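Below: one structure in C-alpha cells.
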Amino acid sequence: MDVLYIGDHKLQANQYFVGADSFQVFHKEVRDHEPLLETLGEAENVDVDYLDGPATMIEFPRSLEGLTEYDVLIVSDLSRGTLKPHFDPDTIRDQICSESSESTLRTVEDWCTVVVG
C-alpha cells in the first residue's frame, strides 16, 4: 500500500517584549509527525512518502494521475492555503503557479471519488 502523508509541520516560536519592542525567535521545529511516520514505516507492505508543509506546496501531485499512485492520503495539521495558495503567484516557485493551483483541491476530491468510491 502506498501512502502519501502531508502536513504536520510546525515551528515553535517565542516572542519577547522589551520596552516598546518585541522580538520573535523561532525556537525549534516541532517534529510530532515522527511517531506516526515510524509506525507506518514498520508496517508490512506499506510505503510512505512524507511531505511537510513547505514541501507540500512544491511537491504535492497536481494531477489525478500523480495522486492515484497512492492508495492512502493522510492530511494532518495543514491549512487550506498550503494546497491552494492564496497569495501572489510570484511569491513561490513558478512551478506551482504554472500547474493550476486552483485545481489542487479539486484533484483531491477527484482522487477520493476514484480511490474511495
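How much net charge surrounds Leu51 when only other residues with a Cβ under 11 Å from its Cβ are counted (Lys, Arg +1; Asp, Glu -1)? Before the final figure, lay out each step's value.
Values: positive: none; negative: Asp8, Asp49, Asp52, Glu59.
Summing Lys and Arg as +1 and Asp and Glu as -1 gives -4.
Taking H placed 1.01 Å from N in the peptide plane, check which residues at least 5 places from Ile74 or on another chain put their amide H under 5 Å from its amide H.
HN-HN under 5 Å from Ile74: Leu4, Tyr5, Ile6.
In whole Hz, what ³J(HN,Hα) sequence does the stretch 67-77 give by Karplus (6.51, -1.76, 1.60; θ = phi - 60°), x for Gly and Pro?
So the Karplus estimates, Gly and Pro as x, are 6, 6, 5, 10, 8, 9, 10, 10, 10, 9, 6 Hz.
Can you report the principal axis dimensions of the stretch 1-63 using only the alpha carbons, biggest first, rounded to whole angstrom?
Principal extents (Cα only, largest first): 57, 29, 8 Å.
For Thr82, what charge total do you get from the other residues with a beta carbon under 12 Å from its beta carbon, if Lys and Arg give +1 and Asp and Glu give -1?
On the way: positive: Arg80, Lys84; negative: Asp8, Asp52, Glu59, Asp77.
Summing Lys and Arg as +1 and Asp and Glu as -1 gives -2.
First select every other residue whose beta carbon is under 9 angstrom from the beta carbon of Val3; then total the charges, Lys and Arg +1, Asp and Glu -1. Don't skip to the answer; put the middle values down first.
Details: positive: none; negative: Asp2, Asp47, Asp49, Asp71.
Within the 9 Å Cβ shell, the charges total -4.
FYI, it's all coordinate maths here, none of it is from the lab. Since this is a predicted model, take the numbers as computed values, not measurements. Backbone-built Cβ (ideal geometry, glycine too); neighbour counts: all protein chains shown.
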